[in-house]
Amino acid sequence: MTTLSNILQSAYIYLGDFREGKATGGTTATIADTTLGGTNDDYNDGAVFVTFDAGGEAGAPEGQFGKVTDYDASSGTITSDTTFTAAVVAGDYYGVATKAYPLYKMISIVNSALSGIGDIPLVDTTTLDTVAAQTEYDCELVWKRSGPIRIDIQTNTSDSDDNRWERIDNGLWEYIPATAGSTGLIVFAFQPYSGRDLRIWYKDVHPAVRIYSSAINEAIHPEHLVWETVYRALRWKKGMLDAPSAIEDMLMEADQRRQEYGLIHKPREPKRRGRLFIVSKEAAIDFIAPPETA
């Protein structure tokens with residue numbers, strides 16, 4: 001699983017602002033490395049990550065990060081504004097970045113990159129259940145961005161692990177949009193069997209990610225997101241100062257990489273099925289909800 005922490009670490013590495021090392025000790029709010037050196041406050045307002053748990057089992061505090069509030073060069077101690085869920089111990093690996101790309105700005109940039117990549121396919125299986133004598137159903141507001149792409153109906157209600165979803169062809173339902181803030185409608189051409197779950201496929205922007213363990217939807221290729229993040233970080237950096245040629249060169253490379261990955265790894269979406277011509281009401285009903293099998 002790819003997380004926000006993974007994306008940030010890779011972005012800092014590509015930006016050339018990530019020094020990695022092995023801790024000689026620490027606490028739930030500090031990482032010590034007596035070999036780190038430098039001068040006091042070198043990493044203040046930067047970012048610090050625990051990149052590997054010495055236990056080797058991806059346990060806490062692996063992946064956790066925080067903003068650097070202080071750096072004491074004499075002891076090599078980095079203090080984080082985040083309290084880790086477990087103490088850093090000797091042998092843990094860490095990575096630290098300077099304030100050149102502030103942590104919370106980078107988190108904001110990751111979320112901007114997620115929006116920029118575009119909508120992703122999502123599925124809702126819990127909101128709608130069919131009801132007797134009802135052919136019109138309110139949509140969730142989040143479905144309105146694209147409208148429902150596909151609708152499936154549960155044909156087996158006796159086993160939660162064997163729902164036997166049946167796809168309802170587009171010709172048997174239509175989506176009716178609504179004004180801002182109001183729910184649209186799904187209208188079925190015929191009465192479905194009652195008491196069945198409906199599975200709604202739709203597209204929406206990726207949910208915002210804020211904490212180290214926030215998962216990135218697998219529809220988005222990690223390298224695509226990393227390079228989109230790097231590109232936007234460099235654009236932000238360029239806007240903050242008279243960009244040296246190195247920034248310009250990095251920006252050109254990042255732009256090329258993000259476009260390449262964007263073409264190769266577009267988020268997949270379910271294909272729409274052609275509209276079905278129904279010759280009788282009975283045929284339509286059978287299609288919407290085939291009889292359950294024993």
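The values are calculated or read from the model by the stated rules, or taken from the named source; none is laboratory data. Small disclaimer: the values here were computed from a predicted structure and weren't measured. Ideal geometry is used to build each Cβ from the backbone, glycine not excepted, and the neighbour counts take in all protein chains shown.
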Within region 10-52, tally of residues that are assigned to a helix (DSSP H, G or I) and crowded, with 22+ Cβ neighbours inside 10 Å: 2
Boolean, residue 193 is part of a loop (DSSP other than H, G, I, E, B), hydroxyl-bearing (Ser, Thr, Tyr) and either buried (at least 19 other Cβ atoms within 10 Å of the Cβ) or in the same structural domain as residue 61 (by TED's automatic domain parsing) (or both): no
Residue in region 129-151 that is touching a helix residue (DSSP H, G or I) at 6+ places or on another chain (Cβ under 8 Å), in the same structural domain as residue 187 (by TED's automatic domain parsing) and closer than 14 Å to residue 195 by Cβ present: no
Qualifying residues in region 92-111 (those that are within 23 Å of the chain's Cα centre (by Cα) and of a type in the set (Val, Ile, Thr)) - the one surrounded by the most Cβ atoms within 10 Å (Cβ to Cβ): 110
Close pairs (8 angstrom Cβ cut-off, 6 or more residues apart or separate chains): assigned by TED's automatic domain parsing to the domain that holds residue 135 in region 160-184, acidic (Asp, Glu) and crowded, with 17+ Cβ neighbours inside 10 Å anywhere: 163/197; 165/152; 166/152; 167/152; 168/152
Yes/no for residue 58 being of a type in the set (A, V, I, L, M), at pLDDT below 95 and not assigned by TED's automatic domain parsing to the domain that holds residue 183: yes
Filter pass, residue 124 being surrounded by 15 or more Cβ atoms within 10 Å (Cβ to Cβ), not assigned by TED's automatic domain parsing to the domain that holds residue 27 and not aromatic (Phe, Trp, Tyr): yes
Selection within region 133-185 - small (Gly, Ala, Ser) and not in a loop (DSSP other than H, G, I, E, B): 171
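So in region 223-263, with the set limited to residues that are more than 24 Å from residue 2 (Cα to Cα) and of a type in the set (A, V, I, L, M), which one is modelled with the lowest pLDDT?
The first filter runs over region 223-263 and keeps only residues more than 24 Å from residue 2 (Cα to Cα), leaving 235-252.
So of that shortlist, the ones also of a type in the set (A, V, I, L, M) come out as 240-241, 243, 246-247, 250-252.
Details: 240: 77, 241: 67, 243: 61, 246: 80, 247: 89, 250: 94, 251: 94, 252: 94.
Selected residue: 243.
Kindly check whether there is at least one residue in region 234-243 that is touching a residue at least 24 places away in the same chain (Cβ under 8 Å) and either within 30 Å of residue 60 (Cβ to Cβ) or assigned to a strand (DSSP E or B) (or both). Even if it seems obvious, please write down each step before you answer.
First pass over region 234-243, keeping only residues touching a residue at least 24 places away in the same chain (Cβ under 8 Å): 234, 236-237.
From the residues that got through so far, the ones that are either within 30 Å of residue 60 (Cβ to Cβ) or assigned to a strand (DSSP E or B) (or both) too are none.
Scanning region 234-243, I find no residue that is touching a residue at least 24 places away in the same chain (Cβ under 8 Å) and either within 30 Å of residue 60 (Cβ to Cβ) or assigned to a strand (DSSP E or B) (or both), so the answer is no.
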Residue 151 being β-branched (Val, Ile, Thr), crowded, with 17+ Cβ neighbours inside 10 Å and without any contact (Cβ under 8 Å) to a residue 60 or more places away in the chain: yes
In region 53-89, the residues that are surrounded by fewer than 17 Cβ atoms within 10 Å (Cβ to Cβ), under 20 Å from residue 105 (Cα atoms) and not hydroxyl-bearing (Ser, Thr, Tyr): 70, 81
Residues (under 24 Å from residue 144 (Cα atoms), among the charged types (D, E, K, R) and in a loop (DSSP other than H, G, I, E, B)) located in region 196-230: 196, 218
Single condition residue 137 does not satisfy, out of (1) surrounded by 16 or more Cβ atoms within 10 Å (Cβ to Cβ); (2) under 30 Å from residue 229 (Cβ atoms): (2)
